Amino acid sequence: MSAVLERQLSLVDAVGEALRQAMEADPSVIVMGEDVAGGAGRGAGKENAMGGSFGATKSLYPLFGASRVRDTPISEAGFVGAAVGAAAAGLRPVVDAMWADFTGLAFDQIYNQAAKMSYMFGGQARLPLTIRMAMGSGLSAAAQHSGTLYAIYTHLPGLKVVAPSTPYDAKGLLLEAIFDDGPVLVFEHMKLYVTKGPVPAEPYRVPLGVAEVRRAGGDVTVVAIAAMVDRALEAAEVLAEEGIDVEVVDPRTLSPLDEESIVASVEKTGALVVVDESPPRCSLASEIAAVVSERAFDFLNAPVRRVTAPHAPVPFAPALEAAYAPSVTAVVEAVRSLG
Amino acid sequence: MSASIERAVHVDRKTAIALYRTMLTIRLFERRVSREFRTGDIPGFVHVYIGEEAVAAGVCANLDEHDYVTSTHRGHGHCIAKGCDLGAMMAEIFGRETGLCRGRGGSMHIADFSRGMLGANAIVGGGIALATGAALAASVRGTSQVSVAFFGDGAANQGVLHESLNLAAIWRLPAIYVCENNGFAESTPAAYATSVPDIASRAAAYGIPGVVVDGADVLEVYRAARTAVQRARGGDGPTLLEVKTYRFMGHYEGDPDRYRDDSDREAARNRDALAACRRDLVATGQANEAELEALEAEIEEEVARAVEFARSSPFPDPAEVTRYVYPEPLATAGAAR
């Protein structure tokens, strides 16, 4: 790796850098959402008091001002819908929806308007809209600030969905999302915001719909999403000591899903475990299991295993929350159970 | 904040005739759509705008092709007033590949982005936030464009209207919110479903002008919209216009319409804005009978050609059922029309 690649950035700073570089590159890129600057209209010293719930947008307001870094009232249907309309009229809005759980308030704008506009209007609508949101358990944020929801949006034609697991991908996928001409939803795991990794300083893109093999192995394929990638890698180390060679595949984009890479891995290993921090019904884990069953059944030496959260909202108490998301142990046991 | 209509504003002959022409085009187009629907050759649902023509005509006469509008499930009138091609509209309604949306949308989803027509919308209130966003785009770019959201009295009770009016007010967006109050949300009377007699009075909650307009008078609509559009272009922010109107037909084609009184329908037809406009043109000497008859024949012919075009156009290719789910590369987008 070059010296440039060695620069370490947290995931939240990688997101902020992508936003800044997109806004520098294209004046039609705007950022809007609740508290993306904070203290709107309060004057110097108080404006930009927040820079987003996690500080991702902190660097933008001083550079681009209130017209392009817009604090919104708490009215998700209104401002997400306005972002859809602004995109239809030629801007490239990046909405900070705060938490994935809040997008329910704007579901019609996302599902009936943004997602269907290109199709319903016969291709004449170009909708370069990006919606970022925090998700995931692990911070005792409880049921309405922890949901993953990416399966809901993966189900909907017209949307693209990404869920990065590293700072490098967070930056590259976000830049790709912003310059995509359709709506892209970006799910950022809260637990990963502080994790650091190598991030090049210059702008770069990570293509949508391309998975990454995080660890090569020959015995079992483990597909893991977002924060589950690190758990899968930890599990792989444990299993390596037992002589089980695990391949860890990170889809990075959930819609469109890189089916080829997953199928190719299973054709090599003959076994699949999917690790998904979401309730299991109609989940990405279910979808990936179905794709592999259809396309690589003859290669499977054992039934596909899904390691998911239970069919429950995310709990508050740390003891319960620890029991909610798939643990390293759960992944290890699932792999062992394949025989 | 109160606002009044500048009734003294002179409307020249050219504008008056153009308003009449737009209204008449909508009326004749819709009558023909209604007739064609009864042949069974138009798939799905159709909601016609007959009786409400003065709203679209009076508002859109103040706009140009760079301005934006969002529309409703009853959207044919807005499309025509915004300058959409009748043949491509009719082909869309018939579900043909030559339609404005290549047969993917139909009557409830006609759009023509090349004319700022950002789509009819089958979600009641669905276009309100979108128009707000188009106004935001104009504001960020610093252009003089304005954006109009058409919606009905039913949509006036959707939460997204509240959110959008608030957003447009705090950001002083160049937006005009046009509530077409035809008295009924499907079968539910506005008098039952709405907390106030005048939806425009809700504008006070946002500190923006709210104006009640008589939809039986196209000049009144034109003048009220003119003031609102000038305000928006001048950077003074949004206006809520409530146009009291009436749909002469049922909610949808085929609606038995048992929830309204014959006497109300009769009274509304006697206050037909189109007929009134015609009478005024003749009475003021701006047009004579022969000219108006020739105009009507010309539009009938144009509508007939639109139907011929639609009926002779191919259906979309079933092999393309997934085309346009995602935007295509720019080189090919728009090439097929």
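Bear in mind that the values in this text are calculations on the coordinates, not laboratory data. From a predicted model like this one, the values you see are computed outputs, not experimental measurements. Cβ sites come from the backbone with ideal geometry, for glycine too, and all protein chains shown count toward neighbours.
Would you mind getting me the FRET efficiency between residue A:63 and residue B:315? Use the beta-carbon distance for r and R0 = 51 Å, nearest 0.05. That pair, residue A:63 with residue B:315, gives E of 0.50. Computed from point charges on the beta carbon alone (+1 for Lys and Arg, -1 for Asp and Glu), the dipole magnitude for the range A:212-337 about its Cα centre is near 320 Debye. Given a Förster distance of 41 angstrom, what is the FRET efficiency for residue B:322 paired with residue B:283, based on the Cβ-Cβ distance and rounded to 0.05? So the FRET efficiency works out to roughly 0.10.
Residues of chain A were split at every exposed loop site, defined as trypsin sites (Lys or Arg not before Pro) in a DSSP loop with at most 15 other C-beta atoms within 10 angstrom, and the longest piece left, sites excluded, is A:47-280. Taking the protein assembly as shown as a whole, the Cys residues whose C-beta sits 4.7 Å or farther from every other Cys C-beta are A:282, B:60, B:101, B:179, B:277. Distant-in-sequence amide contacts of residue A:29, defined by a placed amide H-H separation under 5 Å and a gap of 5 or more residues or a different chain, comprise A:92. With each label modelled as a point 7 angstrom along the Cα→C-beta vector, the residue B:236-residue B:291 pair spans 3.3 nm.
Spatially close Lys pairs in chain A, defined by Cα atoms under 25 Å apart and a spacing of eight or more places or different chains, total 9.
Stretched out straight at 0.36 nm per residue, the stretch from residue A:290 to residue A:267 would grow longer than its current Cα-Cα span by 6.8 nm. Backbone phi angles across the range B:281-292, fed through the Karplus curve with coefficients 6.51, -1.76 and 1.60 (θ = phi - 60°), yield HN-Hα couplings of 4, 6, 4, 8, x, 7, 7, 10, 4, 4, 5, 5 Hz in residue order; Gly and Pro are listed as x.
To check you understand DSSP bridge types, tell me what percent of the beta bridges within the protein assembly as shown (both residues inside) are antiparallel, rounded to 5. Close to 15 percent.
With the simple spin-label model, which puts each label point 7 Å out from Cα in the Cβ direction, the residue B:39 to residue A:238 separation comes to 7.1 nm.
Between residue A:260 and residue B:195, what FRET efficiency follows from the Cβ-Cβ distance if R0 is 60 Å, with the result rounded to 0.05? For R0 = 60 Å, the calculated efficiency reads 0.60. When you filter the trypsin sites (Lys or Arg not before Pro) in the range B:32-64 for DSSP loop state and at most 14 other Cβ atoms inside 10 Å of their Cβ, you are left with B:38.
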